[in-house]
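The values are calculated or read from the model by the stated rules, or taken from the named source; none is laboratory data. Just so you know, these numbers come straight off a predicted model, no measurement behind them. Here Cβ is always computed from backbone atoms with ideal geometry, including for glycine, and neighbour counts include all displayed protein chains. The protein model used for the area step is the full one, side chains on, heavy atoms only, and it has no ligands, DNA or RNA in it. Shrake-Rupley method; radii C 1.70, N 1.55, O 1.52, S 1.80 Å.
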Amino acid sequence: MRATPTNPPFVIRCFIVMMNALCDAVAEHGPAGYVPIPMVNRIWTRLQNLTTRFLAALARGPIQPRAKPTAKPTPEPNPEAQPDPQPPRARRKRLTLPCREAWLYRLIPETGFTRFALQTILTDPEFAGLLEANPRLIRILAPLYHAMGIDLPAQPPVTTSPPPDSRRHILFGTSDPTPPDTQTPTPHFKIQPA
């Protein structure tokens, strides 16, 4: 089965389900854990935006790095044309999210099941292959994995072929990893009396 925009790969569908579950956990357990409602709204919005950016970058595919722009000459300031300085306006304090490691998991411990699932998905060869093909995805996911306290590899480990006992060909409709003419030998065990 080929992946299309309306039918993404199974691992991406799992990621979307995990992100939706994480947003639900934040919305449900955040206020119950005495997290202020504005903070819950900001976390929920950040997670939704991160998911949207990840899916958009995945749909665009890898982008070639841009050439460095040439430096433009800076014009010399004209002392006669400067306006009178105005007093600075009082700014409203902006609500910012914490930045220490695993802050979301510590703030809302009910997100632990999603933390485990996000850690597990990194070991999937298909997901790791997507990250290796498009390094921009690693930069997009870095704040999420930092907030959950998971180390995101700078270079994702990618296995070129699934392990011999893998059943991915049954689940995902890919070709059988072991050709029928080369069978793996069955080990013989000896039972020894106790």
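Overview of results
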item	result
Considering residues of the stretch 9-50 that are open to solvent by less than 60 Å² (accessible area, probe 1.4 Å) and free of Cβ contacts under 8 Å to residues at least 24 places away in the same chain only, the residue nearest to GLU126 (Cα to Cα)	ALA27
Residue within the stretch 179-190 that is part of a helix (DSSP H, G or I), modelled with pLDDT of 55 or more and open to solvent by 80 Å² or more (accessible area, probe 1.4 Å) present	no
Residue within the stretch 74-87 that is more than 30 Å from PRO9 (Cα to Cα) and open to solvent by less than 90 Å² (accessible area, probe 1.4 Å) present	yes
Candidate set: the stretch 93-124, residues that are open to solvent by less than 70 Å² (accessible area, probe 1.4 Å) and without any contact (Cβ under 8 Å) to a residue 40 or more places away in the chain; chosen: the one farthest from ALA32 (Cα to Cα)	LEU122
Close pairs (9 angstrom Cβ cut-off, 6 or more residues apart or separate chains): at pLDDT below 95 in the stretch 51-62, exposed (fewer than 10 other Cβ atoms within 10 Å of the Cβ) and of a type outside the set (A, V, I, L, M, F, W, C) anywhere	ALA59/PRO5
Residues being at pLDDT 90 or above and aliphatic (A, V, I, L, M) - total across the stretch 119-129	1
Test result for ALA194, open to solvent by 90 Å² or more (accessible area, probe 1.4 Å) and modelled with pLDDT of 75 or more	no
Residue within the stretch 102-113 that is modelled with pLDDT under 90 and of a type in the set (Asp, Glu) present	no
VAL158, sole failed condition from (1) at pLDDT 70 or above; (2) in a loop (DSSP other than H, G, I, E, B); (3) closer than 22 Å to ALA59 by Cα	(1)
Any hit, the stretch 107-127, residues being over 13 Å from the mean Cα position of the chain (by Cα) and of a type in the set (A, V, I, L, M)	yes
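Here's the yes/no breakdown for (1) at pLDDT 90 or above; (2) in contact with a strand residue (DSSP E or B) (Cβ under 7 Å, 6 or more places away or on another chain); (3) among the aromatic types (Phe, Trp, Tyr); (4) not in a helix (DSSP H, G or I):
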| position | (1), (2), (3), (4) |
| --- | --- |
| PHE15 | yes, no, yes, no |
| HIS29 | yes, no, no, no |
| ASN41 | yes, no, no, no |
| ARG46 | yes, no, no, no |
| PRO75 | no, no, no, yes |
| PRO87 | no, no, no, yes |
